[in-house]
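See below for the structure under consideration.
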Amino acid sequence: MDIHISLDGPGDLAARIYRGIQDAILDGRLRPGERLPPTRTLARGLDVSRNTASVAYERLTAEGFLVARVGAGTFVSDRHIPPARPAGPPYGGAVRPRPPWRDLDPVTEDPAEAPYDFRVGVPDAGLFPLATWRRLIAGELRARAVTAGYHDAAGHPGLRQAIARYVGVARSVRARPDDVLLTQGAQQALDLIGRVLIAPGDRVAVEEPGYPPARMLFAAMGARVTGVPVDDQGLVVAALPPGVRLVYVTPSHQFPLGVPMSLERRAALLDWAARHDAVIVEDDYDSEFRFSERPLAPLQSLDRTGRVLYVGTFSKTLLPMLRLGFLVAPASLRTALRAAKRLADWHGDPIAQAALARFIDDGELPRHIRRATRAYAARHELIVAALRGELAEWLTPMPSTAGLHVCARLNPGVPAFLGEVRARARRLGVAVEPLAGYYAGEPEHGLVLGYGAIPAERVPEGLRRLRRAFAEAG
């Protein structure tokens with residue numbers, strides 16, 4: 001590969017070339033076994049004599065940084081190289097982020113895998129129909145020529161049509177293809193909504209407890225974010241403060257408590273939004289996986305004033321790595337949201353979007369959801385049974401009829417020692433998440449147990465180990 005070497009600095013030209021290549025090796029920019037350009041090529045690129053480049057190579061070879069192989073070329077040695085030093089300048093930088101970003105750390109997954117993984121929001125990759133998806137992707141690559149142009153910011157028209165039909169039938173969402181905007185998952189949909197609707201200083205209401213990335217995103221945009229309590233009927237509309245510009249809710253399956261918003265509460269929220277000139281963002285993140293009861297009509301289908309933006313994602317139904325989501329918006333916001341999408345990343349992956357359109361149109365998505373729902377229902381049943389049985393001494397499950405997780409509150413009178421429980425469980429190979437992590441204010445204690453990432457056959461043993469962690473910690 002070509003190497004950029006600065007010829008500035010002390011010493012003759014050969015010494016500067018030597019120093020530049022040595023720095024690249026020590027910084028890890030040139031890795032062991034990597035081939036360097038021939039001296040003739042390097043000399044021509046640096047506008048120096050070939051002899052000058054040869055002197056630098058010979059010195060690096062003599063010191064063990066490079067190795068010359070007859071007939072093959074010159075390579076970075078894989079022996080006697082000191083440990084790589086940090087790349088980049090030896091200072092932190094004078095530029096600082098603006099205030100909302102100073103206290104926000106990136107949310108990262110625990111890199112250590114656990115044999116009994118009860119993390120939240122992770123679907124089972126083993127259920128994903130990989131062979132079908134591979135066939136559809138290959139078909140799209142064969143069917144279309146590679147083009148140099150850009151695509152519609154709203155996304156692939158076939159997928160927008162397929163989504164409009166699918167959510168209309170499966171979720172009672174009222175949408176035409178032009179109402180659908182394709183996104184890189186639900187998080188980008190929230191980002192676009194914030195760009196278009198939220199100004200610094202605007203007040204945004206979120207559920208408490210609720211989805212932390214949404215809360216952090218709105219705060220990073222300069223909004224004044226207020227947590228609103230949730231009870232057994234969903235968001236407490238009477239607790240919404242005045243002056244709220246936007247309300248973010250998860251009414252189908254409240255995150256993380258799992259309760260659905262009652263029909264009365266949905267009507268009250270729509271009425272409140274109309275009276276206060278507010279916008280409602282309805283995040284329907286995993287309601288496809290329903291184990292009992294009929295779902296209530298979404299807020300979007302009950303809305304008659306065009307105040308609800310409906311956010312959906314395929315991260316839970318398929319895989320997060322696909323980065324495929326969508327937003328159904330009122331016509332009054334369509335142009336602005338498409339412009340925001342274009343300015344953010346222009347458009348998504350047209351190949352993956354076309355493949356997903358075929359996946360839906362061919363009936364593969366509902367078939368996959370039926371198979372996955374049966375698998376998740378079995379895991380859900382095992383966890384709820386344990387929470388009502390062997391773990392009932394410490395935890396009480398919240399009612400749950402859908403989704404990929406169960407929330408369980410710590411029983412009254414039980415010490416809030418979940419930090420010790422989690423540490424002991426982790427040593428036993430069990431990964432669980434605390435309910436307190438979903439609160440911005442004073443937390444309630446408990447656990448949120450996901451069952452997408454753990455096979456059904458491992459659930460009983462994982463729960464036995466969790467019970468052991470409780471018993472040892474108590």
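The values are calculated or read from the model by the stated rules, or taken from the named source; none is laboratory data. Bear in mind the structure is a predicted one, so any value in this text is a computation, not a measurement. Because the Cβ atoms are built from the backbone with ideal geometry, glycine has one as well, and the counts that use them run over all protein chains shown. Calculation scope for accessible area: heavy atoms of the full protein, side chains included, ligands and nucleic acids excluded. Shrake-Rupley method; radii C 1.70, N 1.55, O 1.52, S 1.80 Å.
The portion of the accessible surface of the chain made up by carbon and sulfur, rounded to a whole percent, is 54 (1.4 Å probe; DNA, RNA and ligands excluded). Taken one residue at a time, the phi angles of region 246-259 give Karplus couplings (6.51, -1.76, 1.60, θ = phi - 60°) of 9, 10, 9, 9, 10, x, 5, 7, 3, 9, x, 5, x, 6 Hz. Gly and Pro are set to x.
Stokes-Einstein diffusion for region 170-251, with the hydrodynamic radius set to the Kirkwood value over Cα pairs and evaluated at 10 °C in a medium of 1.306 mPa s, equals 115 µm²/s.
For the chain, the longest principal axis of the Cα atoms and the long axis of helix 418-427 meet at an angle of about 50 degrees.
Spin-label model, Asp12/Leu343: points 7 Å from Cα along the beta carbon direction are separated by 5.7 nm. Normalised per residue, the accessible area of the chain is 48 Å², obtained with a 1.4 Å probe and no contribution from ligands, DNA or RNA.
Select from region 264-346 those trypsin sites (Lys or Arg not before Pro) which occupy a DSSP coil region and have at most 10 other Cβ atoms within 10 Å, ordered by residue number. Each step should come with its number before you reach the end.
On the way: sites: Arg265, Arg266, Arg275, Arg290, Arg304, Arg307, Lys316, Arg323, Arg334, Arg338, Lys341, Arg342; in loops: Arg304, Arg307, Lys316, Arg323.
Answer by residue number: Arg304.
In this view, the solvent-accessible surface of Asp105, computed with a 1.4 Å probe and all protein chains in place, comes to about 120 Å².
Among the trypsin sites (Lys or Arg not before Pro) within region 381-434, not one is in coil by DSSP while having at most 13 neighbouring Cβ atoms inside 10 Å. The GluC sites (Glu not before Pro) found in region 373-452 that occupy coil by DSSP, while having at most 13 further C-beta atoms within 10 Å, are Glu393. Per the Cα gyration tensor, region 321-474 maps to an equivalent ellipsoid with semi-axes of 38, 21, 14 Å, ordered largest to smallest. In a solvent-free Debye calculation with one equal scatterer on each Cα, what is log10 I(q)/I(0) for the chain at q = 0.09 Å⁻¹, listed in the order of the q values? Debye output, listed in q order: -0.76. The amide H of Ile198, built 1.01 Å from its N in the peptide plane, has no neighbour under 5 Å, considering only residues 5 or more places off or on other chains.
By DSSP, what percent of the beta bridges with both residues in the chain are antiparallel, rounded to the nearest 5? Show your work: numbers first, answer last.
Working: 27 of 48 bridges.
Beta bridges within the chain, antiparallel portion: roughly 55 percent.
Where does helix 130-143 land angle-wise versus the long Cα axis of the chain, in degrees 0 to 90, nearest 10? So the inclination is approximately 60 degrees. Per 10 Å bin, what is the whole-percent P(r) computed from every C-alpha pair distance within region 327-411? Reading upward from the zero bin: 14, 23, 22, 23, 16, 2.
Calculate the all-directions average of the projected area of region 386-458's alpha-carbon convex hull, and give it in nm². Intermediate results must be reported in sequence, preceding the final value.
Values: hull surface 22.6 nm².
Quarter of the Cα hull surface area: 5.6 nm².
In terms of the Cα gyration tensor, with a ≥ b ≥ c the square roots of its eigenvalues, is region 228-348 rounded because a/c is under 1.5, prolate because a/b exceeds b/c, or oblate? Oblate shape, in that a/c is at least 1.5 and b/c is the bigger or equal ratio.
Close amide H contacts of Ala402 (hydrogens built in the peptide plane, cut-off under 5 Å, sequence separation of 5 or more or a different chain): Phe291.
For the Cα atoms of the chain, what angle does the longest principal axis make with the long axis of helix 186-197, in degrees from 0 to 90, nearest 10? It works out to around 80 degrees.
Scattering from region 119-260 was approximated by placing one identical point on each alpha carbon and applying the Debye formula without solvent; log10 I(q)/I(0) at 0.16 1/Å stands at -1.10. If you model region 19-76 as an ellipsoid using its alpha carbon gyration tensor, with each semi-axis the square root of five times an eigenvalue, the axes come out at 17, 13, 11 Å, biggest first. When both region 10-67 and region 176-223 are represented by their alpha-carbon centers, they are found 51 Å apart. Counting only Cα atoms, region 200-246 measures 32, 23, 10 Å along its principal axes, largest extent leading. State whether region 123-171 is rounded, prolate or oblate according to the following rule on the C-alpha gyration tensor (a ≥ b ≥ c being the square roots of its eigenvalues): a/c under 1.5 gives rounded; otherwise a/b larger than b/c gives prolate, and the remaining case gives oblate. Because a/c hits 1.5 or more and a/b fails to exceed b/c, region 123-171 counts as oblate.
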